[in-house]
Structures are given as structure tokens and as C-alpha cells.
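Worksheet: one structure, shown below.
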Amino acid sequence: MDKVYIARAEPQGAAREIADALALAIHEHRLAPGTKLGEDDLAEIYGVSRTVVRAALQRLAHDRLVDLKRNRGAFVAQPSVREAREVFEARALVEPRTAHSAADRATPADIAALQQHIDAEHAATSEGNAGRALYLSGLFHLEIARIADQSTIEAFLSQLVARSSLIIVLYWQRRNALCESHAHHALLDAFAEADGDRAEVLMKHHLVDLLTSLDLRNAPQPAGSLKEALGR
């Protein structure tokens with residue numbers, strides 16, 4: 001019985017690992033929006049069957065990181081201008097109140113965890129790794145929802161932040177489309193001082209600034225090698 005269970009579980013585990021690896025590559029902008037994710041190529045890169053690859057792509061499609069197009073295959077999702085505006089409007093409705101709640105609940109350990117996120121963002125930026133910095137910036141926002149103890153909103157924000165990452169790589173018009181250092185530092189100060197009202201205002205302004213830093217015009221689909229992007 002155990003062998004049957006393991007045999008069935010292993011492909012699921014492999015699909016999950018591949019999905020996680022591809023999601024990280026997407027969040028870090030090593031796989032750009034519009035990139036084709038060929039099943040044969042991915043099967044060769046990861047040394048698995050196309051069935052396992054297909055299961056991984058289904059997971060990513062469920063998280064809206066990948067678009068599955070009939071008779072064409074899988075592509076890294078490429079949000080439209082309309083969706084870009086909708087995503088940031090949704091974040092602007094949800095995150096300020098979440099920041100207020102986080103400021104009311106934040107413990108010294110929470111403040112330290114947020115500071116670690118900021119430090120990691122700075123390190124990635126110093127290394128010239130903008131994609132990594134943006135990924136870490138997204139985690140900073142999700143950590144705020146965790147501190148606010150809003151698990152339902154955290155799950156919702158996880159999808160919004162993932163879409164935001166794709167939107168930024170498509171439409172940013174200047175480097176500060178990354179969450180700017182001072183914005184996160186200001187939020188951290190508000191949390192440390194348990195100032196919910198200020199945290200709410202800061203988050204609202206932060207998201208508006210982020211949206212206005214984008215050039216919301218259609219961008220061409222990028223091309224590139226999957227092997228190079230995935231470092232395999």
C-alpha cells in the first residue's frame with residue numbers, strides 16, 4: 001500500500017516543485033510575460049515527463065501566473081492595461097486597511113521580520129537584481145497581511161501581488177517602479193509606533209505612487225531561452 005501511495009505522490013511532488021521553481025522565475029522576472037513555456041522544453045530541462053510538466057503548468061494557471069491557450073500551449077501571463085488598472089485599484093481598496101490592522105498588531109518580532117525584508121530588498125538592488133528586489137518587495141506586502149492576521153485577505157493579496165509583479169515588468173517606465181526604499185521604511189516606522197492611521201495613509205500613497213510610475217501602454221512579447229532563464 002505504501003509503495004502505491006509513494007508512486008502516486010511522487011509525480012504530484014515533482015509537479016509542485018517545478019511549479020514553485022517556475023513561479024519564482026516569473027516573480028524574479030527571469031521568465032518575462034509572454035514567454036512560451038513549451039512542455040517538451042520544460043520536460044527536458046527538469047528531466048521529467050510531459051505529464052508532470054502539464055500538471056505544474058495547471059497549477060500556475062490556477063494561480064493566474066500562466067495562460068493556457070488552446071492549440072498554442074502555455075505562456076507566462078501578460079496582463080492587459082485594463083487589468084493592470086483593476087489590480088492596483090483592488091490593492092488600493094484592500095491594503096491600506098490591512099496596514100492599519102498590522103500597525104495595531106505588530107510585535108517587535110514582526111518589526112524585525114519586516115526589517116529583514118527591507119534589508120534583503122536593498123541587497124538585491126545593490127547587486128543589480130531588480131527582479132529579485134521586486135519579488136522581495138511583494139513578500140513585504142504579504143507579510144503585512146500576515147501580521148494583520150487576515151488570512152483570507154492574505155490569500156487574495158497573494159494573487160494580486162503576483163499579477164502586480166507581471167504588470168510592473170511589462171509597464172514600468174523608470175527604475176523606481178520598484179517599491180521605493182523610503183516607502184517601506186516609512187511604513188515600518190508607522191508599524192513600530194503602532195500608528196494605524198499613518199500606516200493606512202502611507203500605504204494608500206505608496207500604491208498610488210507605484211501605479212503612476214507605470215507606463216500603461218501595450219508592450220511587445222519578449223523572447224528568450226528557457227534554459228538560460230531557468231539557469232539549467
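Readers should treat all values here as calculations from the given coordinates under stated rules, not as data from a laboratory. Quantities reported herein were computed from a predicted structural model and do not represent experimental measurements. No Cβ is skipped: glycine too gets one built from the backbone with ideal geometry, and neighbour counts run over all protein chains shown.
Projected area of segment 29-97, taken from the Cα convex hull and averaged over every viewing direction, in nm²?
Averaged projected area of segment 29-97's Cα convex hull equals 5.9 nm².
Taking other Cβ within 10 Å of each residue's Cβ, how do VAL48, VAL208 sort, fewest first?
So the ranking, lowest neighbour count to highest, is VAL208, VAL48.
Could you work out how far helix 130-147 tilts from the main Cα principal axis of the chain, as a 0 to 90 degree angle to the nearest 10?
Taking Cα atoms only, the helix is inclined about 60 degrees.
Given a Förster radius of 45 Å and the C-beta distance between ASP189 and SER80 as r, what FRET efficiency does 1/(1 + (r/R0)^6) yield to the nearest 0.05?
0.80
Expressed in nm², what is the orientationally averaged projection area of the convex hull enclosing the Cα positions of segment 94-197?
Dividing the Cα hull surface by four gives the mean projection, 6.1 nm².
Among ASP197, ASP67, ASP41, rank each residue by its count of other Cβ atoms within 10 Å, from fewest to most, as a rough exposure measure.
Fewest-to-most Cβ neighbours within 10 Å comes out as ASP197, ASP41, ASP67.
What net charge is computed for the residues neighbouring ARG50, neighbours being all others with C-beta under 11 Å from the C-beta of ARG50, Lys and Arg scored +1, Asp and Glu -1?
-3
Label point 7 Å out from ALA123 along Cα-to-Cβ: which residues of segment 131-145 have amide N under 13 Å?
133, 136
Going by C-beta contacts inside 10 Å, put SER151, SER49, SER164 in order with the fewest on the left.
Exposure proxy ranking, most exposed first: SER151, SER49, SER164.
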